[in-house]
Each structure stands twice: as C-alpha cells, then as structure tokens.
Amino acid sequence: MPFSPLFLKLRVSDPQMLLLQQQRLVISSSRTILMASKHLLKPTPSTLPLKLNLSSPGIISAFPLKPNSRILPISLKTFALPYTSHSNVAGPVYSENPEDTSNSSARLNILKKKLEVIGFDTQMLKTGQYSHLTCPTCKGGDSMEKSLSLFITLDGDHAVWMCHRGKCGSRGNIRAFVNDSSSYGRLNQITKIKPKREITEESLGLKPLCSELVAYFGERMISEKTLARNSVMQKSYGDQFIIAFTYRRNGVLVSCKYRDVNKNFWQEKDTEKIFYGVDDIKEASDIIIVEGEIDKLSMEEAGFYNCVSVPDGAPPSVSTKVFESEEKDIKYQYLWNCKEYLEKASRIILATDGDAPGLALAEELARRLGRERCWRVKWPKKNEVEHFKDANEVLMYLGPDVLKEVIENAEIYPIQGLFNFSHYFNEIDGYYHHTLGFELGVSTGWRGLNGLYNVVPGELTVVTGVPNSGKSEWIDALLCNINRSVGWSFALCSMENKVREHARKLLEKRIKKPFFKAGYGESIERMTVEEFELGKKWLSETFYLIRCEKDSLPNIKWVLDLAKSAVLRHGVRGLVIDPYNELDHQRPPGQTETEYVSQMLTMIKRFAQHHSCHVWFVAHPRQLHQWNGGPPNMYDISGSAHFINKCDNGIVIHRNRNPEAGPIDQVQVCVRKVRNKVVGTIGDAFLSYDRISGVYTDIDETSGE
C-alpha cells in the first residue's frame, strides 16, 4: 500500500540548500501531465514544489525538465506559452559533492527559479537556444505578443533577455550563482543571427480581403485598388479575420505583420526586417518614411507611391546611446537591410506621427540616414490646441489634396548649429521696428561720448589704462548714469575694492556729496543721515555683489555662474569684472596664455549674448618700460592681443598727470574699438573729474559752472 505523496517547499533565496537536498538523489522520470491552464503550468514564484515518493527513499519526483507527455497545442494568443513535443528522457543524476555547482541541471533549476521571481514563465526554457516569451514588463502590449527573446547559456548559469517591442525595450541578465565562473564572458561570441524563415501565402494561410475588411479600409479612405496593389490580405485568427500586411522584396513574401480591428499588432517571427513597401523606393530619389502601414496606404491615395513604413513602430524616446555599428543596431536593422535603396535617395521626408514617440522615431532615423538630406512634415492643426497625428488622420478629415500639400511643404530637418535667416526673422523684424529695446544702445550720460560709445545689451567692453588712471571710478560713474536714465541694475565682481569703500564711492556719485567730513571733502557739506539711508536703499536695489570670501581666488567660470544667477533672479543687465589679474588663471598643461585668454573671452561673450547682459572687463596693461606719459594702446594689455581682437568695444581711460599739458582733473576717454557702427565709432572724449564726489562731467559743463 503506497504512502500518500507529500510536498516539500524550499526557499528560492537559498540555492545552496536546494543543492544539498539534491545530493545523492535522482530526479524521477515519472510521467507528469500538464493541463491546459496557465495556473497549473506556472508554479508559485517563491517556492519549488517537490513530490516525495516515500515508497522509494531518496527519490524525489518533480516536474521534469523535459516532460514525456504530449501536450496538445493551445492558443498562443490566450496562454502565451510555447509548444514543444517532448520525448521520454531520464532525469539527470546530481553530483555527490554538495559544493559542486558545476552541474548544468542544478544551475538551470536555480536560474529558473530566479527568472520566475522576475515574472518569466520557465516551463519550456532550454539551454543553448533562444525562447520567445511574453515580456513581464509590458505584457506584450494590447496584442499580448511574445516580443521578448531570452537566451540561456549551455551551462545553465546565465540568462540574457530583451523585449523587441518599440514602446518597451526592456532588457537584462541574471546568473544562477553570482560569483561562479561560467560562460558569461563568452556571451558575445554567441551567434545571434538566426536563419530566416521562408514563408508563403499558403503556409501562413493568407486569403484575399473579405468585404467587411474592405469596408473597414474604406472608412479610412483607403481604396480597394490601393489595397490590391499592396497585397493587403487577411488571415483567420480564432473566430475572427485579421488584416495581414505582406512585406515583400522583389515581389517575394519575406515577412507578414498582422493587425486586428482593435489595433493590436504582431509579426511573423524569424523573418527578415525590412520596410513595408520597399519595392516602391528601388529607384526613388525622394523617399517618404511613415510610422505605420495604413499611413503608407494613405500616401498612395494622395499620389505618393515612393513611400515606405517602418515595421516596428516608434520608440518611447530618443536613445542616449551612441550609435556604434550596423551589426549592433538591432532595433533599426530594417534600415541596414534596405541600405542599397536608401543610399540612392537625395531627399528623405520623415512623416512620422506627431506625438512624442513619433518625433523620437524621426530623430533616430535622421541620425542614421543623415540629417543633411532629411526633411520633416509638420501636421496641420486640428483645433486651437491639437494637431492631426498622422497621414491617415489628415486623409480622413481633410482629404488627399491637403495631405499632398502637407508633404510638399515639408521643412528641412534641423541640424544643430546650422540655421537659415528665416529662423531669426522675428528678431530681425524687432530690430528694424525698434521693438527689442536699446537697438541704438544706452547713452553713457556724457554728451562728449554719445557719438563714440553707447552701451548695447549682450556686448563685451574691455577697459584698460595705466594704474591710478581712474578705470574703476569711470565705470562706477557710468553705471550710476545708466541706472539714473534707464533703471538698469548690475552685478559687481570688483575684487580690488573693499565692500565699504566701494559703497562709499557709489553713494558719493549718487548723492554728489562726500561720505565723510574729512580733508578730501574740503568745505562741501557731508551727506546727511537721511540721504545716507536713501542711498543704502538705492545700493540694495541696484547692485549685487559677486565676492569670494575664501582664501582661494575665483576663476571665470565661478564668476559667470553667479552672474547667471543674478540675471535670472534679480534681472541685472550689466556685469563688471574688475580686474582680470585678480582671477585664478590656472590653465591645463600645454595651453598657452594666449589660448587661455581667447577661451576665457569666448566664455564671457557667450554669457553676454545669451543673457542679453553687457559686460565691462577691466584689464591692466603690461609694464611700460619707456612710457612717455600718454595713454597706452589696447595691444599693451598684459596677456594677449585677443583682448582687443575679441571684444566688441575697447576703451582706454587716461588721466592727465602733467599740469603743463592741461588741467589735472581732466580725463581722456579713448574709444579704440567699436564693432557695431550703429552705436559708435573710434575717437576721444574729455571729461572733468570731481575728486570730492567722484562725479565725471563734460568739459563744457565744468566751464559753465
């Protein structure tokens, strides 16, 4: 009288325990019948059911790896399980040594349990071959197609998988024992190219379209003539007929894609990936690429026969991976399979869907085909908010003539860094009609300089002069004038000034009275407390300080990053960097100072242009050994001639030190470079400097007073 069978459950998380239970045991080859239920076929993911036969101690029977019973074919659509007939095979004998994990069957058992935890159905998995399964991530989409390919190495230690659905792309790998040596290092040597199936209409069971499906296409404005030309057929699938889009090369059927009325798609496996309608572009110089077979048929209704459709739909987003080679470009293999046709085309119009995946597909195609020969379609508006999605929508709602017009008006595909003037017409119009603001620049506040130098947003002005000539004082006075006339605010990176002293200079220029009652103020009354408090409020609203309170010197990138924050947070329109030699100028080995200065000035100019912010950059001249007392040249700036070569405006500030040559308070402003003739020209202007208040005035104003 045999005993009733008992069931043992071992934890998957302890694979070594499983091996211990398997030592000295033999897997029984007893027959096991698997019923047509996915619940019976799929064991609980967290446990391994084992059936213990007590009449034979030491013998464990379980679901054998290769059941010897014949399983009747079941609907792949319903159960998503591969069918294979199996022969009667004896179970493998495990190693006597519990530490020996080299046995492939032991490995495979552990590996399968790990795969089941992830969500894979492991009943029919075999080592050394590919298996097509339903993806546990996307579940095969609406059509529940078995879009995932999984491969297990011959030693049963490693599994790799990838989902080939365009909107999923899930991939991964797992090992039975993480630290075990296996064939993982040889995975790249596995031949991934499988022989392509030869198919015929008869072998697939394809038939001509029935009247119901012809009517379905008629509702979508696709004629019977177009359907016949493209050999659109049907196939029986359960109790329904499904649409069969036949993929042909040179008239020979090489693949087939199916669609039911609920817009579920699936394809014949192990067939060549090519464009749908590839024979139509054999000799075409212009090619249209669409995202779906019905869009291809819609193009024909508008008169375009030189059109193909991609076979796999669109990706969810643009890949961040660098394209390496044709062999590794699995997702877009259909491009390389049709390479000889595409190479002949001088213009390729990308008419993909207008949604995010469609735009991503257009970008993926353009980067492979070459953006320089690509055009893109802009679908017309459906209403104030939405656009039509694809070619068939335009055909259905607007007709073939509008669809034809849309294709003929395709735009050049954008190439980063390459533009046409038409892209900037709005800006040019604003410049012409004076609607941008400050097209002719902002006045300096001194009549003598108005015809020579005006301040334009987005430009770089380099200011130089011998030490103690008043460069910083003149810039401060200029900022006060601009703030008074147009209300600009500024960011100050003035590393030679203490904050309190800089505040004093600015307040004196604003209030036009000395800060202290001291010798330099002579008999002029000091600013009152009320004036001082109002001045503090003005300082707070007008100037933002960029200062490095640490011992280390700031570099130009640090300064520009903070200036960007000041632009975005406080709306500053001007930046002062004073002076150049107070910045950290460490440069990479091998880079000359000239190269460094050029790179630095380029960074400053890009910042100015991008943020519409005028930058004043103070740079000292090199040591002048034979100085004659006159103003230095812009080429005398220490470091590089790039200071004058790359700036928009170059100004030299020079103060008279010789009483015999003129008044000591006279300041010469030498405009040595103006790139934009609209706002100034080269020349000199003379200002009078008031030492008490720090205010600069025109010479004639001083004489009048």
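The values are calculated or read from the model by the stated rules, or taken from the named source; none is laboratory data. All figures in this text were calculated on a predicted structure; none of them were measured in a lab. Don't worry about glycine lacking a Cβ; one is built from the backbone with ideal geometry, like all the others, and counts go over all protein chains shown. Calculation scope for accessible area: heavy atoms of the full protein, side chains included, ligands and nucleic acids excluded. Shrake-Rupley method; radii C 1.70, N 1.55, O 1.52, S 1.80 Å.
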- prompt: For residue 632, which of the numbered conditions (1) farther than 14 Å from residue 474 by Cβ; (2) open to solvent by less than 40 Å² (accessible area, probe 1.4 Å); (3) out of contact with any Pro (no Cβ under 9 Å at 6 or more places or on another chain) fails to hold?
  reply: (3)
field: Subset tally (residues that are in contact with a Leu (Cβ under 9 Å, 6 or more places away or on another chain), open to solvent by 20 Å² or more (accessible area, probe 1.4 Å) and aliphatic (A, V, I, L, M)) for segment 254-289
entry: 1
task: Please give the number of the condition residue 143 fails out of (1) modelled with pLDDT under 80; (2) assigned to a loop (DSSP other than H, G, I, E, B); (3) open to solvent by 40 Å² or more (accessible area, probe 1.4 Å).
output: (3)
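Please list, ordered by residue number, the helices (runs of 4 or more DSSP H) wholly in segment 440-540 having 1 or more residues that are under 15 Å from residue 575 (Cα atoms) and of a type outside the set (Ser, Thr, Tyr).
471-486
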message: Report every pair of residues separated by at least 6 positions or lying on different chains whose Cβ atoms are under 6 Å apart, first residue within segment 303-328 and within 27 Å of residue 279 (Cβ to Cβ) and in contact (Cβ under 8 Å) with a residue 60 or more places away in the chain, second among the basic types (Lys, Arg) and part of a loop (DSSP other than H, G, I, E, B).
response: 311/273
task: Among the residues of segment 359-400, write down those that are in contact (Cβ under 8 Å) with a residue 40 or more places away in the chain, charged (D, E, K, R) and closer than 27 Å to residue 222 by Cα.
output: 390
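Within segment 606-629, track down each residue that is touching a strand residue (DSSP E or B) at 6+ places or on another chain (Cβ under 8 Å) and open to solvent by less than 70 Å² (accessible area, probe 1.4 Å).
As a first pass, look at segment 606-629 and keep what is touching a strand residue (DSSP E or B) at 6+ places or on another chain (Cβ under 8 Å): 607-608, 613-622.
Passing the criteria: 607, 608, 613, 614, 615, 616, 617, 618, 619, 620, 621.
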- request: Would you mind stating whether residue 558 is farther than 22 Å from residue 487 by Cα, not basic (Lys, Arg) and not in a loop (DSSP other than H, G, I, E, B)?
  value: yes
query: Looking at segment 401-441, which of the residues that are in contact (Cβ under 8 Å) with a residue 24 or more places away in the chain and within 27 Å of the chain's Cα centre (by Cα) is surrounded by the fewest Cβ atoms within 10 Å (Cβ to Cβ)?
result: 411
message: For a quick check of your reading of the model, give me the residue pairs whose first member lies in segment 190-207 and is closer than 19 Å to residue 128 by Cα, whose second is at pLDDT 85 or above and part of a loop (DSSP other than H, G, I, E, B), with beta-carbon atoms closer than 7 Å and at least 6 apart or on different chains.
response: 194/270; 196/270; 196/271; 196/272
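Quick check on residue 640: is it in contact with an Asp or Glu (Cβ under 9 Å, 6 or more places away or on another chain), crowded, with 16+ Cβ neighbours inside 10 Å and at pLDDT 80 or above? Talk me through it step by step, then tell me what you get.
Working: in contact with an Asp or Glu (Cβ under 9 Å, 6 or more places away or on another chain): yes; crowded, with 16+ Cβ neighbours inside 10 Å: yes; at pLDDT 80 or above: no.
Spelling it out, it is not the case that residue 640 is in contact with an Asp or Glu (Cβ under 9 Å, 6 or more places away or on another chain), crowded, with 16+ Cβ neighbours inside 10 Å and at pLDDT 80 or above.
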- prompt: Which of the residues belonging to segment 203-253 are open to solvent by less than 50 Å² (accessible area, probe 1.4 Å), over 39 Å from the mean Cα position of the chain (by Cα) and of a type in the set (A, V, I, L, M)?
  reply: 204, 206, 209, 213, 214, 227, 233
query: Counting just the residues of segment 466-507 that are in contact with a Ser or Thr (Cβ under 9 Å, 6 or more places away or on another chain) and under 18 Å from residue 520 (Cα atoms), which one comes out surrounded by the most Cβ atoms within 10 Å (Cβ to Cβ)?
result: 506
